[in-house]
1. Go through (1) assigned to a helix (DSSP H, G or I); (2) touching a strand residue (DSSP E or B) at 6+ places or on another chain (Cβ under 7 Å) for residue 7 and report which single condition fails.
2. Give 174, 167, 215 a once-over and let me know the one that is surrounded by fewer than 15 Cβ atoms within 10 Å (Cβ to Cβ) and under 20 Å from residue 13 (Cα atoms).
3. Please find, within the range 154-207, the residue that is modelled with the lowest pLDDT out of those that are under 17 Å from the mean Cα position of the chain (by Cα) and more than 23 Å from residue 90 (Cβ to Cβ).
4. Could you list, in sequence order, all residues of the range 66-79 that are assigned to a helix (DSSP H, G or I) and either in contact (Cβ under 8 Å) with a residue 60 or more places away in the chain or closer than 22 Å to residue 52 by Cα (or both)?
5. Can you tell me how many residues in the range 102-129 are over 16 Å from residue 181 (Cα atoms) and not in a strand (DSSP E or B)?
6. Of the residues 174, 167, 193, which single one is touching a helix residue (DSSP H, G or I) at 6+ places or on another chain (Cβ under 8 Å) and farther than 18 Å from residue 115 by Cβ?
7. May I ask you to list the residues in the range 1-35 that are at pLDDT below 90, farther than 24 Å from residue 204 by Cβ and buried (at least 16 other Cβ atoms within 10 Å of the Cβ)?
8. Test residue 101 against the stated conditions and say whether it is within 26 Å of residue 5 (Cβ to Cβ) and under 19 Å from the mean Cα position of the chain (by Cα).
């Protein structure tokens with residue numbers, strides 16, 4: 001099954017969780033811009049060096065450069081069997097640039113999946129993450145809690161909630177999403193856009209996804 005997909009949805013909608021399940025059942029490659037940035041910067045590529053200069057100065061990386069980095073990743077051989085762009089594009093200008101680049105590469109999108117959930121559900125999920133102080137492993141109080149409350153399964157280290165998992169931070173993340181990324185859903189509105197209710201259990205969401213993309 002070759003599919004070129006974009007997963008859209010607010011933080012906490014479960015895009016990454018569903019993507020991890022899908023790549024086990026298909027040859028698709030899971031791509032996140034965060035992973036691309038880290039790889040390009042670590043390998044000191046020309047694109048990575050440019051991106052780092054913006055990041056180090058506290059500036060936003062320009063849309064053109066972000067899309068160039070994604071396109072560079074999509075040109076890798078493993079993407080010939082299909083890909084999942086997780087949470088990208090984040091803005092309408094990025095979506096427009098991506099569409100032009102994909103047409104040139106002859107790797108157009110087959111579907112855009114919008115994982116929809118109410119704010120209260122998203123906030124509950126976003127504030128449920130706890131992290132080990134010793135080894136850094138993440139747990140989720142809702143979906144993957146530790147066997148012993150407050151203790152890491154891996155190293156018996158102490159679990160805590162990071163400041164970026166606080167309710168205030170979660171609310172700010174949703175505000176940014178609504179301002180910047182929600183308009184992208186409207187950009188893709190049409191037969192290509194498939195909406196999935198992201199509130200039920202993961203297995204239900206995954207079955208809905210498979211039906212939507214005819215897997």
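The values are calculated or read from the model by the stated rules, or taken from the named source; none is laboratory data. These numbers come from a predicted model, not from an experiment. Positions of Cβ are generated from backbone atoms using ideal geometry, with glycine treated the same way; all protein chains shown enter the neighbour counts.
1. Condition not satisfied by residue 7: (1).
2. Selected residue: 167, the only one of 174, 167, 215 that is surrounded by fewer than 15 Cβ atoms within 10 Å (Cβ to Cβ) and under 20 Å from residue 13 (Cα atoms).
3. 202
4. 66, 67, 68, 69, 70, 71, 72, 73, 74
5. Within the range 102-129, residues that are over 16 Å from residue 181 (Cα atoms) and not in a strand (DSSP E or B) number 17.
6. Being touching a helix residue (DSSP H, G or I) at 6+ places or on another chain (Cβ under 8 Å) and farther than 18 Å from residue 115 by Cβ holds for just one of 174, 167, 193, which is 167.
7. Scanning the range 1-35 gives a single hit, 33.
8. Judged against the criteria, residue 101 is not a match.
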